[in-house]
Amino acid sequence: MRKVCTKCGEEKELELFKKCKDCLDGYRSSCNKCFNAYMKKYYEINKCKVLKINRKSYYKTKLKNPELLKRRRKKSNDKRKTDIFLKLRTNISNSIRKSIYNNGLKNIQKHIKFLVVLLTNLNNILNHNFKKE
Ligand SMILES: [Zn+2]
């Protein structure tokens, strides 16, 4: 089955629309691509509000269903063990977060130097591992 997106006007497969219990046909009126773009924009504008809601729901789940959080954490840990790019991304973002947390945003040059060193190392590793094909 196909459906027309109300945002971009394109006709797409039904599986490209998010499910929605309150909608008439059971699917959202905008396609995943448009909906994600909207949510990204909404997040940028209402970052504090969204983070507050996420934190609240996290602690609610932690109280009501701690097993669910344990399962989610285990699943993402397992995924990180097998997916090398996810592991790399997580490690880089954690290093940047740690650096900013420890030194504050005052030493912005320090962070830039850190990023340059990190990217040079990454470039060397990628060149070394994937050059010979
Ligand atoms: Zn669309």
The lone exception for N91 - which of (1) under 30 Å from T6 (Cβ atoms); (2) out of contact with any Leu (no Cβ under 8 Å at 6 or more places or on another chain); (3) in a helix (DSSP H, G or I) it fails: (1)
Flag if Y43 is within 21 Å of T90 (Cβ to Cβ) and of a type in the set (S, T, Y): yes
Pairs with Cβ under 6 Å, 6+ apart, first in the stretch 26-38 and closer than 14 Å to L14 by Cβ and without any contact (Cβ under 8 Å) to a residue 40 or more places away in the chain, second outside any helix (DSSP H, G or I) and near the ligand (Cβ under 8 Å from one of its atoms): S29/T6; S30/C5; S30/T6; S30/K7; C31/C5; C31/K12
Extreme residue, farthest from the ligand (Cβ to nearest atom), among residues of the stretch 6-31 that are within 21 Å of N54 (Cα to Cα) and surrounded by 12 or more Cβ atoms within 10 Å (Cβ to Cβ): C20
Matching residues, the stretch 71-87, being under 22 Å from Y58 (Cα atoms) and hydroxyl-bearing (S, T, Y): S76
Residue match in the stretch 37-49 (condition: within 16 Å of the ligand (Cβ to nearest atom), surrounded by 13 or more Cβ atoms within 10 Å (Cβ to Cβ) and modelled with pLDDT of 95 or more): yes
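Examine the stretch 92-112 for a residue that is in contact (Cβ under 8 Å) with a residue 12 or more places away in the chain and among the hydrophobic types (A, V, I, L, M, F, W, C), and state whether such a residue exists.
Scanning the stretch 92-112 turns up at least one residue that is in contact (Cβ under 8 Å) with a residue 12 or more places away in the chain and among the hydrophobic types (A, V, I, L, M, F, W, C).
The values are calculated or read from the model by the stated rules, or taken from the named source; none is laboratory data. Just so it is clear, the structure is predicted and the values come from calculations on it, not from any experiment. Here Cβ is always computed from backbone atoms with ideal geometry, including for glycine, and neighbour counts include all displayed protein chains.
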